[in-house]
Structure formats: C-alpha cells, structure tokens
Amino acid sequence: MDSAAAKLVARNTLTIRMSHTAPDGKNVVVGRFAPSPTGPLHFGSLVAAVASYVSCEKWLLRIEDIDTPRNAPDATDSILRTLERCEFVWQEPPLYQSARLDAYREAFEQLKRDGLVYPCGCTRAEIADSAVSQTNSGERPYPGTCRGGIRAGRSPRSWRMRVEAEDIGFEDLIQGRYAQNLAGEVGDFVLLRADGIFGYQLAVVVDDAFQGVTHVMRGADLLSSTPRQIWLQRALGLSEPVYAHHPVATGRDGEKLSKQNLAEPVDLMQPGEAVRRALRFLNHEPPEGLAPGGQLAWAKAHWDTGRVPKVRTLSAGA
Ligand code: GLU
C-alpha cells in the first residue's frame, strides 16, 4: 500500500469506533438520544429521551443538526437545559452532526467507489408525477428514472443509493418482526440531497457506528427507516444494532406530537411530573415521591421492554 492509501485508511473514521467496555471488560449496552434541534423538547421527544435512557447502561447524546435550514436558533441549548432539569446524566459531550461532514463524505465516497450510488437529475415534482402507484406507507417509491444514467441535457441534483427487490427485515424488541422490500416500497433513496446536505439515513448509520451504539430505542415513526439503515450498514460493513421502536405520542387530533404542530414544550417548572408521565406512557410507574432523577434511576433498575405497549401510536393523554 502506498503512503497516500495508508493515510486514507488511517483517516477512515468509519473504522474508528468509540469503544465502551465496563471495568470488568464486558461490553455495555450503549443507547442514544438523537434529537433534531428544530424546537424545544416536547412530551413526544421526552418519551424518546426517557425510553432510550432507561433501557441502556451508557447513554449518549447526538444533536442531529445536519439539516441546517430546519434548525431553530437556541433549540439545542433549550433541549439540553430541559434534559438537565429532568436530571438526565450523561458522561460524554454530545456529538454534533454539523461537525461530522467529513465522516459522511467518506462513507459516501466508499459507496460511490463500490458503484452503489448514482447521480439523479429528477426534481421532486417529476417524481411525484410519475405513474408509480402509492405504497401502504403513503410514500411513493422512486421509479429509478436515473438508475441507468442521467437523461441528456440534465445535470445531477441528488445522489441515490441503489436498493434491490429483497426483503430487509429485523426483529424489533417492541414491534416484533418488521420487513420491507426496499425496491417495491422505497426505491433507490437519497444519500446526498440537491442542496448538498447529506441525508438523514446516511448520517444516522455512520454516527450510530461511530458512537458504538448497540441499542437504538426511538419512536415508531422511524420504524420504516430502519430497513434502509440496515441496508446501508451492510453496504458499509458496519454492525447492526438492536432496534426497539416505542409508540409515538399523539395529540387530541390523533396526530403525532411534533414541533410542526406546536406541541407544548416540557414544563420546566414540573420536571418530575413530565418524567412520570413519560414513564407511565411506557407502562412503567415509579413509586411516589421521587425526584425526576430518582424516577429515572428506578426505571433503569426496573426496566422491562416487554411492558411497553406494542403499538405504533398512543394518545399522550391529559
Ligand atoms: N433526529 C431524529 C428526530 O429527532 C431521530 C433520529 C433517530 O433516532 O434515529 O426525530
């Protein structure tokens, strides 16, 4: 190997993994909470924070601020402040996706060298107009227009990952078996967007591997993203974490609580009540009289994934 190639290998961040071992040398269950800083923490995202926290031994934070146009000013500070008020404890500083662009680029280049990505010249409107029927999820699979090359006179807009007509499945600890035929249900998906921003699927996979995450606990709205993430892990030679998708909290209208429908921020004056509600939502009831940190510690000690309701959505209640 010449020295330039050696340097490249040495710089390959995909091969550098944070390692987490207990003093006795045993591997620890590493979980993470990965909020996008698009607004303050609301009940739905607090549930994701609590579920990930109590179901692992080492909890990592990742601020998913890669989609810069969607970032809200001060949202990261506000999220971290809320987690502190709720007495979450984390040892390592958060990982910011905005500081990880070189790693995403490297993974992307690896996939490109392997012939797994291609440039696409289609606009959103063209894809929406295409005659491909809508799938159950309501998403239209990309029809593969640019798979064999971009049409004459067109220039590349985005870059897509090739998928196959093959079921990609996994055993979800809460939702059970879940599989998707990526070609039929999703199609070749975007890794690098037309605005030059790396797609969520690529960034998450690279970062979960880099942070040494062994257990991904998150909302069931991301269940349908998981086969794409597994597909990428296989293509990049990364190991597959265990997945668990808890129900997402819905409001009175039955819609997922989100920053878009202006879900109320967690009440900083009543963090104990907020944590208790989140645990109750996950079907765990700590004893009365505990501070938020005490409730979280109790739930860590008594956590049973099998008790979490096996549904994809659940009303947030009063
Ligand atoms: N950043 C995503 C969100 O806030 C979560 C991503 C993940 O957990 O994989 O919805």
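Side notes on the structure shown:
- Distant-in-sequence amide H partners of Phe198 (H built 1.01 Å from N, under 5 Å): Arg193
- Using the Cβ-Cβ distance between Asp114 and Asn27 with R0 set to 35 Å, the FRET efficiency works out to roughly 0.75.
- FRET efficiency for the pair Ala99 and Arg124, taken as 1/(1 + (r/R0)^6) with r the Cβ-Cβ distance and R0 = 22 Å, rounds to 0.15.
- When the solvent-accessible area of the chain is split by element, carbon and sulfur atoms take up 51 percent of it, the probe being 1.4 Å.
- Counting only cysteine Cβ atoms and a cutoff under 4.7 Å, the chain contains unmatched residues Cys56, Cys86, Cys122.
- Along the stretch 166-176 the Karplus relation, 6.51 cos²θ - 1.76 cosθ + 1.60 evaluated at θ = phi - 60°, assigns HN-Hα couplings of 9, 6, 10, x, 7, 9, 7, 5, 10, 7, x Hz to successive residues, with x for each Gly and Pro.
- For the stretch 31-66 versus the stretch 251-288, the inter-centroid distance based on Cα atoms is 14 Å.
- Nearest-0.05 FRET efficiency for Thr68 and Glu288, computed from C-beta distance (R0 41 Å): 0.40
- Using alpha carbons only: equivalent-ellipsoid semi-axes of the chain, gyration tensor based, whole Å: 34, 24, 18
- Amide hydrogen proximity for Ser258: with H placed 1.01 Å from N in the peptide plane, the residues at 5 or more positions away or on another chain lying under 5 Å are Ala263.
- Choice from Glu64, Glu288, Glu185 showing the highest fluctuation, given a GNM over the chain with Cα pairs closer than 10 Å: Glu288
- The calculated pair-distance distribution of the stretch 177-220 uses every alpha carbon pair, bins of 5 angstrom beginning at 0, and gives 5, 16, 17, 23, 25, 12, 2, 0 percent.
- Only lysines eight or more places from Lys26 in sequence, or on another chain, were considered; those with a Cα closer than 19 Å are Lys58, Lys300.
- Applying the Karplus relation 6.51 cos²θ - 1.76 cosθ + 1.60 with θ = phi - 60° to the stretch 76-92 yields 3J(HN,Hα) values of 4, 4, 5, 5, 5, 4, 5, 4, 5, 4, 7, 6, 6, 10, 9, 8, 9 Hz, where x marks Gly and Pro.
- In the stretch 90-206, Cα pairs under 8 Å separated by at least six residues give a relative contact order of 26 percent.
- About its Cα centre, the chain has a charge dipole of approximately 520 debye under the convention of +1 per Lys or Arg Cβ and -1 per Asp or Glu Cβ, with nothing else charged.
- Residues whose amide H comes within less than 5 Å of that of Thr313, counting only those at least five positions distant or on another chain, are Val248 (H built at 1.01 Å from N in the peptide plane).
The values are calculated or read from the model by the stated rules, or taken from the named source; none is laboratory data. On a predicted model such as this, the values are computed, not experimentally measured, just so you know. Quick reminder, even Gly has a Cβ in these numbers, built from the backbone with ideal geometry, and neighbours come from all protein chains shown. When the accessible area is computed, the model is the full protein with side chains, heavy atoms only, and any ligands, DNA or RNA have been set aside. Shrake-Rupley method; radii C 1.70, N 1.55, O 1.52, S 1.80 Å.
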